Amino acid sequence: RRELREAKARYAELQGAAEAALRTASADRTSLLSTVREYFSSIIRDVLGRDAILSVTLNGEGNLDFRTDFVDGNEMSTNEADGTSYKKLLCVAFDLAMVRAHLGGAFPRFIFHDGVFELLDPRPKQNLLNVIRKHADLGIQSIITVMDFDLPGAAEGIDANDIVLRLHDDGPDGRLFHFDSW
């Protein structure tokens, strides 16, 4: 019982230290967390012309919980982030922001997203493609899957160098790893 009490006390102490560190990082405009938040907000602004926030809290297990929301002119959360296409876009923005914030260190420099342009209107599609290209210029490789009809502007601005592989069911050449079907 004594060991359990001591372990719980130590856990509570560590939880308090983690919460204090999170508050400090949130207040420090030069922290990694602030950098990720700024990149995230910038990406959403570039794609949608809207404001979004990234908030971080500690859950009961001491792990970080990230939450993203769109905000209105009064900086109040809206329900738009509950939709599938905008939720996917928020995830893309978070991933790009996280990798960009870590460009100076040992961190993966590629991101994989499936169906990144699905359900987006034409203008946000083109804006997102521009953001992905901007991040590619920084050294971040985006690997995305997309259906031909989901390409922005009917494939406007997409050239042969952008397409690594066209997937299809007409033989092994159209399969990701060129395997025969099973």
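The values are calculated or read from the model by the stated rules, or taken from the named source; none is laboratory data. Given the structure is predicted, the values throughout are model-derived calculations rather than measurements. Glycine gets a Cβ as well: all are built from the backbone with ideal geometry, and neighbour counts include every protein chain shown. Surface areas here come from the heavy atoms of the whole protein model, side chains and all, with no ligands, DNA or RNA. Shrake-Rupley method; radii C 1.70, N 1.55, O 1.52, S 1.80 Å.
What whole-number value in Å² describes the accessible area per residue of the chain for a 1.4 Å probe?
Value returned for the chain: 66 Å² of accessible area per residue.
For residue 40, what is the net charge nearby, where nearby means another residue's Cβ is under 12 Å from its Cβ and Lys, Arg count +1, Asp, Glu -1? Show your work: numbers first, answer last.
Numbers: positive: 37, 45, 67, 100; negative: 38, 46, 51, 69, 95.
That works out to -1.
On the accessible surface of the chain, probed at 1.4 Å, how many percent belong to carbon and sulfur atoms?
Whole-percent figure for carbon plus sulfur exposure: 53.
Tilt of helix 32-48 relative to the longest C-alpha principal axis of the chain, in degrees (0 to 90, nearest 10)?
Once rounded, one gets 40 degrees.
Show me the trypsin sites (Lys or Arg not before Pro) within the range 1-67 that DSSP assigns to loop and that have at most 10 other Cβ atoms within 10 Å of their Cβ.
1, 29
Using amide H atoms built 1.01 Å from N in the peptide plane, name the residues 5+ places from residue 142, or on other chains, whose amide H lies under 5 Å from its own.
Those lying under 5 Å, H to H, from residue 142 are 111.
Taking the chain as the reference, fit the longest principal axis to its C-alpha atoms, fit the long axis of helix 2-27 to the helix C-alpha atoms, and give the angle between the two in degrees, 0 to 90, nearest 10.
60 degrees
Express as a percent, rounded to the nearest 5, the fraction of DSSP beta bridges in the chain (both residues included) that run antiparallel.
65 percent
Can you run the Rg to Rh ratio on the chain? Use alpha carbon positions and the Kirkwood inverse-distance Rh.
Across the chain, the Cα-based Rg/Rh ratio is 1.08.
Give the long-range amide H neighbours of residue 51: residues separated by 5 or more places, or on another chain, with amide H under 5 Å away, using H modelled in the peptide plane at 1.01 Å from N.
71
Which lysines have a Cα lying under 17 Å from the Cα of residue 87, excluding residues fewer than 8 positions away in the same chain?
125
So if a site counts as exposed when it's one of the GluC sites (Glu not before Pro), its DSSP state isn't H, G, I, E or B, and it has at most 13 other Cβ atoms within 10 Å, what's the longest stretch of the chain without one?
The longest such stretch corresponds to 76-155.
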